[in-house]
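Written out below as structure tokens is the structure these notes cover.
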Amino acid sequence: MSNNDVKQPRKLKAEMWDRMQFLFRNYYDRMIHFYLKFDKPLDFSALSKAYKYVVDRITVLHSSFINSPVTPYWKINYDYSESDIIVLKQAEDEKQAHDMAFDFLTQEIPVKAKVQIQAAVIRYEGGDILVQVLNHMCMDGQDTKEVLMLVAKAYEQLMAGKEIDVEVKDGDRSHYQCYTLYNEEERKQALGLYKNVSQVKHQIKFPYTKRNHKVDKSRILRRVIGKEKFAALKDMSKKAGVTLNDVLLTAYMRSLYRACNIDKDSNISVPCMVDLRRHIKGGKSFGFSNHIGFMICTAHGYKDDYLKMFEDIKKQSDEAKDDPFFGLYSLPLLNLAYKLFPQCLAEIAIGIGYNNPYTGMSNLGLLKEQDFAFNSQTPSDLFLTGAVKSIPYLQLAVSTYKGEMTLTIAVKCKDEDEKRLTAFIDDIVAELDNMIEKVTPALEN
């Protein structure tokens, strides 16, 4: 790509989800965070070239978001270099490298930046940590995985002495691709689902201290469920006839009851993120974009019997998944607002009708070793997490790699809140331990 080619397009349409993610700036930092640890150094020059190749071919990643009061758009940039995308930093030891990596991960990329992706290699004696931050307005977690997989492929070709020849998709970015599996009648029905799913009953708030912009700091709390324990959880969920997601949601909800001091007879609801690619022809997005929906699950009281809570959550999950329009509710409502009103009024209208859930859970799925191999070198440690929430919001994010499961909570808060969140995430881990200890024997008897 020639950066000086005046014939190149200068604007890219801001799609509905681009604009919604921009509106979500009121609730979180709009970033997606990737962490990869390698036990041997990477070739930084080759990695930089690989990143530049991929970013060149994903237009939205080298664009600045212009929040026009009528119709926002992406201004496409061509005057950027490898150093605008990725940097190399030196650490004295592994601990300092870890701290530097998390500091880098908690940055926010301005919407008007030249590129909407920032990466760094943190080098220490013995290896490298590759960290990447990407603007959620451009795409969701699933497509963010694909970006890094493409970088890995390009890197491998360079290390083999070849020119890069990696195919990068460049198709439709709109939410309309989520209707491509339906016939004409079904599509018409799906496009008429004007339900406001943000109106969540039984919402609860985590007991944060008061929000303070001057001292609040972005933090990512992480806990790893090791191979043995993770295998036991999978085995237990299989024997119980529930999904691992049902198990995680149950543990999360039980911990919320305690942390928020909720009466055991009360109901609490937690929205779970849904990947809408299940509705796209071929199961993959045509262009790099967002395809996210909600599934709301409710715990009808805190039950001492884990199996009863599993049954409650599983029933709701199964019913939701059986719906042919699973996750698509309210997309037409959001789209209508952006069609009817200029941007300045659409944000007000949606802001009035939209209630951002106080709690949520996002399972970002399995990260396969072979997908993130850089010239046959696979990361010894890897995790992915979503946006850093602002008080009073809270989200538990989950990803799996090499038979281990990572739980993360990312929040911008003060030190006192971090202590409470540390106790909370530790309690979720304890819940999972208790499930293995108590449910597994009960299922075997």
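Entry comment: accessible area of the chain is 44 Å² per residue, from protein heavy atoms only and a probe of 1.4 Å. Placing unit charges on each Cβ (+1 for Lys and Arg, -1 for Asp and Glu) gives the range 329-416 a dipole about its Cα centre, and among ALA373, VAL388, ALA349 the Cα reaching farthest toward its positive end belongs to ALA349.
Taking 20 Å as the cut-off, the amide N atoms of the range 310-344 that come nearer than this to a point 7 Å along the Cα-to-beta-carbon line of ARG187 belong to 324-336, 339.
Look at the alpha carbon pairs under 8 Å that are at least 6 residues apart: their mean separation over the length of the chain gives a relative contact order of 23 percent. Between the amide H of CYS297 and those of VAL270, CYS272, distances stay under 5 Å, these residues lying 5 or more places away or on another chain, with hydrogens modeled in the peptide plane. On the principal axes of its alpha-carbon atoms, the range 311-445 has extents of 57, 43, 40 Å, going from largest to smallest.
Using the Cα centre of the range 1-156 as the reference point, and only Cβ charges (+1 on K/R, -1 on D/E), how large is the resulting charge dipole? Debye, rounded to the nearest 20.
Once rounded to the nearest 20, the dipole reads 800 debye.
With all protein chains in place and a 1.4 Å probe, the accessible surface of the range 226-355 carries 55 percent carbon and sulfur.
Taking amide H atoms as placed 1.01 Å from N in the peptide plane, the amide H of ASN77 lies under 5 Å from those of SER63, SER64, each 5 or more residues away in sequence or on another chain. In a fully extended conformation the segment linking LEU221 and ASN355 would gain 45.7 nm over its present Cα-Cα distance, using 0.36 nm per residue. Backbone geometry of the range 73-85 corresponds, through the Karplus equation with coefficients 6.51, -1.76 and 1.60 at θ = phi - 60°, to 3J(HN,Hα) couplings of 7, 9, 8, 6, 10, 10, 9, 9, 10, 4, 5, 7, 9 Hz, x marking Gly and Pro. Farthest towards the positive end of the charge dipole of the range 228-386, among the residues LEU256, VAL242, LEU333, is the Cα of LEU333, using unit charges on the Cβ of Lys, Arg, Asp and Glu.
With a ≥ b ≥ c the root eigenvalues of the C-alpha gyration tensor of the range 405-445, is it rounded (a/c under 1.5), prolate (a/b larger than b/c) or oblate? Prolate, because a/c is 1.5 or more and a/b exceeds b/c. In order along the range 110-121, phi translates into HN-Hα couplings of x, 5, 8, 5, 4, 10, 9, 9, 10, 10, 8, 9 Hz, rounded to whole numbers, per the Karplus curve 6.51 cos²θ - 1.76 cosθ + 1.60 with θ = phi - 60° and x for Gly and Pro.
What shape does the range 194-287 have by the C-alpha gyration tensor, where a ≥ b ≥ c are the square roots of the eigenvalues, rounded means a/c under 1.5, and otherwise prolate means a/b greater than b/c and oblate the rest?
Details: a/c = 1.44, a/b = 1.17, b/c = 1.23.
Verdict is rounded for the range 194-287.
Under the combined filter of DSSP loop state and at most 13 neighbouring Cβ atoms within 10 Å, the range 79-147 retains these trypsin sites (Lys or Arg not before Pro): LYS112. Between SER83 and ASP426, the distance separating the two model label sites (each 7 Å from Cα on the Cα→Cβ line) works out to 4.5 nm. Highest mean first, the peptides 263-269, 287-293 sorted by other C-beta atoms within 10 Å per residue fall in the order 287-293, 263-269.
Using a 1.4 Å probe and counting only protein heavy atoms, arrange THR378, THR400 so the residue with the most accessible area comes first.
From most exposed to least exposed: THR378, THR400.
Taking each residue as 0.36 nm, the span from GLU418 to THR180 lengthens on full extension beyond its C-alpha to C-alpha distance by 81.3 nm. Quick one: with all protein chains in place, what share of the accessible area of the range 131-201 is carbon or sulfur, to the nearest percent (1.4 Å probe)? That share works out to 44 percent. Out of the GluC sites (Glu not before Pro) in the range 44-137, which ones are loop residues according to DSSP with at most 16 other C-beta atoms within 10 Å? Of the GluC sites (Glu not before Pro), the ones in loops of the range 44-137 whose Cβ has at most 16 other Cβ atoms within 10 Å are GLU92, GLU125. Between LYS438 and LEU340, the modelled labels are 4.9 nm apart [label points 7 Å from Cα along Cα→Cβ]. The dipole here belongs to the chain: it is taken about the Cα centre, uses +1 on the Cβ of Lys and Arg and -1 on the Cβ of Asp and Glu, and is about 1140 debye.
How large, in percent, is the carbon and sulfur part of the accessible surface of the range 2-123 at a probe radius of 1.4 Å? Don't skip to the end; give the middle numbers.
Details: 2630 of 5200 Å².
C and S fraction of accessible area: 51 percent.
Net length available on complete extension from GLN8 to LYS229 is 74.3 nm, with 0.36 nm assigned per residue and the Cα-Cα distance removed. Quick check for you: which residues of the range 297-337 have the amide N under 17 Å from the point 7 Å beyond the Cα of TYR194 toward its beta carbon? Residues 329-337 fall inside that zone.
Express the Stokes-Einstein translational diffusion coefficient of the range 257-382 in µm² s⁻¹, to the nearest whole number, given a Kirkwood radius over alpha-carbon pairs, 10 °C and a viscosity of 1.306 mPa s.
Values: Rh = 18.2 Å.
The calculation lands on 87 µm²/s.
Calculated translational diffusion coefficient of the chain (4 °C, 1.567 mPa s; Stokes-Einstein with Kirkwood radius over alpha-carbon pairs) equals 56 µm²/s.
Is it possible to state the helix-based mean residue ellipticity at 222 nm for the chain, with each DSSP H run of 4+ residues giving -39500 (n - 2.57), the sum divided by total residues, to the nearest 500 deg cm²/dmol? What is it? Don't skip to the answer; put the middle values down first.
Details: 12 runs with 162 residues, N = 445.
So the calculated ellipticity at 222 nm is -11500 deg cm²/dmol.
The H on the amide N of VAL87, modeled in the peptide plane, is under 5 Å from the matching H of ALA119, ALA120, VAL121, each at least 5 residues off or on a different chain.
The values are calculated or read from the model by the stated rules, or taken from the named source; none is laboratory data. Bear in mind the structure is a predicted one, so any value in this text is a computation, not a measurement. Using ideal geometry, Cβ is built from the backbone for each residue, glycine included, and neighbour counts are taken over all protein chains shown. Quick note on the areas: whole protein, heavy atoms, side chains included, nothing else; ligands and nucleic acids left out. Shrake-Rupley method; radii C 1.70, N 1.55, O 1.52, S 1.80 Å.
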